[in-house]
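J.: Handing you this structure, nothing more for now.
The numbers here are math on the coordinates, done by the rules we state, and not lab data. Note that this is a predicted model, so its numbers are computed, not measured. A quick note on method: Cβ atoms are made from the backbone with ideal geometry, for glycine too, and the neighbour counts reach across all protein chains shown.
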Amino acid sequence: MKPLLHPKFRLNGEAFPSAEALKERANYLIENGKDDEVAIGKFILEWLDENDFITVKTSGSTGIPKSIKLQKKHVFNSAAATVKYFDLKENTKALLCLSSEYIAGKMMLVRAMIAGWNLYTTAPEKNPFENIDDTFDFSAMVPYQVFHSLKDLRKVKKLIVGGGAVPAELEQQLQKINTRVFATYGMTETISHVAVRPINGKEKSAVFSALPKVDFSLNENNCLQIHAPEISEESIVTNDVVELISPTSFKFLGRADNVINTGGVKVHPEVVEEKLSLHIKEPLFIASEKDDALGERVIIIIESKNQLKFEDYTEAFKSLSAYEKPKKIYILPQFIYTETGKIKRLETVKIIRTR
């Protein structure tokens, strides 16, 4: 097993002469820190303990959250692949602004510990840069944070965005930002991301490219299969429908369990949502309900405290094909979200069906 702690690792500017010294700092955070600092301390202790695995929670966006075990050697390899892909050498100055309760936050800690970064931490707020004057080489955020941090993104050189799709409107706004921003594709089971795509700059692309030693194939349902022996002994079969460009690249279309069959035509909600996000500012998602003629009909659910009508979105719907166009609109004052900010679609739809 490769060393789990690089001698040059620093946490909030503090160096540690040994793993024991870092454990002491972790215990201090657990005993005296805020919630996000307690989570950091607990994970550092878990990473440095004698077990050959760590335990992580899935987000619960597509089902009941569960805990799974990941081999430390696989976690190490995943972190090392990101370090290599983005050329993040020793002394990289990075900001952790995601919860260390979940895989994305844990992986920022692992990357920093194995590569010898100077990692600074802050609470996982909607704009983590707001009260920070420093600049950073690297950070990771969710789309919600990026949206609320646009005016402060100049404080980071390279940024990866995960935990959900990046809305088309947000992508447009990021074209004006000098920060190099990358969308990531992955899940807890893949130990964070296995593919990335540039969102802005000259490299901008709609295609996800694999990290080192990762390749892809399709199963009989056109769902993505991930072959990454460095992070998993077995191939990982996803529920994501993609257009495979090559063994190392693909375009994401949507989740198979979200596909709507309306009048014999398959509609991917994620594709429709991306189009509408250019025109509708409120949080939204596309779902379906039974229809005698079509089998299923497309509906749109919007989070708003205002009493909106179908006619209010006539212009927005002009960007859609006839089959993609919602047949009904539902307005909810509040969606149901996971702890990491993803919409729980099924649970939110249940609110409509029980009203």
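J.: Just rank Leu150, Leu159, fewest to most, by other beta-carbon atoms within 10 angstrom.
T.: On the way: Leu150 15, Leu159 24.
The most exposed by this proxy come first: Leu150, Leu159.
J.: Pop a pseudo-label 7 angstrom from the Cα along the beta-carbon direction at both Lys327 and Glu24 and give the gap in nm to one decimal.
T.: A separation of 6.9 nm, rounded to one decimal place.
J.: Can you list the HN-Hα couplings for segment 121-136, worked out from phi with the Karplus curve (6.51, -1.76, 1.60; θ = phi - 60°), rounded to whole Hz and with x for Gly and Pro?
T.: 10, 8, 4, x, 8, 5, 10, x, 8, 4, 10, 10, 9, 5, 10, 9
J.: When the Karplus curve 6.51 cos²θ - 1.76 cosθ + 1.60 is applied with θ = phi - 60°, which whole-Hz ³J(HN,Hα) does each residue of segment 3-10 get, with x for Gly and Pro?
T.: x, 7, 9, 7, x, 8, 4, 10
J.: Along segment 282-299, what does the Karplus equation 6.51 cos²θ - 1.76 cosθ + 1.60 (θ = phi - 60°) give for ³J(HN,Hα), rounded to whole Hz, x for Gly and Pro?
T.: My calculation for segment 282-299 gives 6, x, 8, 8, 9, 9, 9, 9, 5, 9, 4, 8, 8, x, 10, 10, 6, 10 Hz in order.
J.: Could you please rank His227, His193, His268, placing first whichever residue has the fewest other Cβ atoms within 10 Å of its Cβ? Numbers along the way, then the final one.
T.: On the way: His227 16, His193 25, His268 19.
Exposure proxy ranking, most exposed first: His227, His268, His193.
J.: Roughly how many nanometres apart are two label points built 7 Å out from the Cα toward the Cβ at Lys281 and Lys57?
T.: Computed distance between label sites Lys281 and Lys57 equals 3.3 nm.
J.: List every residue whose amide H lies under 5 Å from the amide H of Glu296, counting only residues 5 or more places away in sequence or on a different chain, with H placed 1.01 Å from N in the peptide plane.
T.: Gly263, Asp291
J.: Then there is this: What is the set of long-range amide H partners of Ser209 at a cut-off below 5 Å, with H atoms built 1.01 Å from backbone N?
T.: Val196, Arg197
J.: Can I ask one more? Taking N as the number of residues in the chain, what is its alpha-carbon radius of gyration divided by 2.2 N^0.38 Å?
T.: Working: Rg = 21.1 Å, N = 355, 2.2 N^0.38 = 20.5 Å.
The reported ratio for this selection is 1.03.
J.: Related question: How many angstrom lie between the C-alpha centres of segment 190-231 and segment 139-173?
T.: Segment 190-231 and segment 139-173 have Cα centres separated by 19 Å.
J.: In addition: Of the candidates Pro283, Pro167, Pro333, which one comes out as most mobile in a Gaussian network treatment of the chain with C-alpha springs shorter than 10 Å?
T.: Its mean-square fluctuation being the largest, the pick is Pro333.
J.: Cut-off is 10 Å between beta-carbons; in what order do Ser232, Ser192 appear when sorted fewest neighbours first? Before the final figure, lay out each step's value.
T.: Details: Ser232 19, Ser192 28.
Listed from fewest to most nearby Cβ atoms, that is Ser232, Ser192.
J.: Quick one: which residues, 5+ away or cross-chain, put their amide H under 5 Å from the amide H of Trp117? H built at 1.01 Å from N.
T.: HN-HN under 5 Å from Trp117: Arg10, Asn91.
J.: Express as a percent, rounded to the nearest 5, the fraction of DSSP beta bridges in the chain (both residues included) that run antiparallel.
T.: Working: 42 of 65 bridges.
So the antiparallel bridges in the chain amount to around 65 percent.
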